[in-house]
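Working notes for the structure below.
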Amino acid sequence: QELAQLEEARQAVSVGHPVVARLIAVSGMGKSALARQFVQRVREQQPDWIVLVGRCYEQELVPYKSLDDVIDALVSELLDLPAAERVELLPPGAERLPRLFPAFRRIIARADGPPQVEELAQQRQLAFGVLKELITSLARRRPLLVWIDDLHAGDVDGARKRGNIARLLRH
């Protein structure tokens, strides 16, 4: 039944509708296995889709761990693009992204000029706005699937954004 619901969500995304799907059950019921099966099916049947997969680990101590693997996958996806297309996709303010997500240092050089003196909370808010613009641009070009396994094990910073993760990924 859950796989059928995920397939319905995939169909909606195929025609341009953003969807957030959650698998909720007690531990050990096979949610992760079901998700892996679904993600693999999408990769095989929709090779034009962008598929970003992440996972939260309870013992991991990194900022924004609910997005850490997804950001790594996003950066890898961007690195696979021709440089001109990658530059075209990066929204204004992209130089803020490496401050929050170091993986972006692989594609975004630090901006020249004086350092930003914004408060940390404002820097985070602005960087998440840039990230949303980037994800939106990608999703407009190709269907996008983001899967975050064990989101409940996310960190406090991620928990603040958890309600916003769905909004972040909607375009």
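The values are calculated or read from the model by the stated rules, or taken from the named source; none is laboratory data. Small disclaimer: the values here were computed from a predicted structure and weren't measured. We place every Cβ from the backbone using ideal geometry, glycine too, and count neighbours over all the protein chains shown. The protein model used for the area step is the full one, side chains on, heavy atoms only, and it has no ligands, DNA or RNA in it. Shrake-Rupley method; radii C 1.70, N 1.55, O 1.52, S 1.80 Å.
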### Query
Are there trypsin sites (Lys or Arg not before Pro) in the range 1-36 that DSSP puts in a loop and that have at most 15 other Cβ atoms within 10 Å, and which ones?
Arg22
#### Entry: Table column - 3J(HN,Hα) (Hz), the range 43-55, Karplus curve with 6.51, -1.76, 1.60, x for Gly and Pro
4, 6, 8, 10, x, 7, 6, 8, 10, 10, 10, x, 8
### Query
Amide H to amide H, which residues 5 or more places from Leu52 or on other chains are under 5 Å from it, using H placed in the peptide plane?
Leu145, Val146, Trp147
### Summary
Sequence order, the range 76-93: Karplus ³J(HN,Hα) from phi using 6.51 cos²θ - 1.76 cosθ + 1.60, θ = phi - 60°, Hz rounded, Gly and Pro as x, gives 4, 4, 5, 5, 6, 7, x, 3, 5, 5, 4, 4, 5, 6, 5, x, x, x
### Summary
Regression test value, accessible area per residue of the range 1-154, probe 1.4 Å, units Å², expected 59
### Task
Return the carbon/sulfur percentage of the accessible area of the range 1-128, one whole number, probe 1.4 Å, all protein chains in place.
51
### Message
What does the net charge come to around Leu134 if you take all other residues with beta carbon closer than 12 Å to its beta carbon, with K and R at +1 and D and E at -1?
### Response
+2
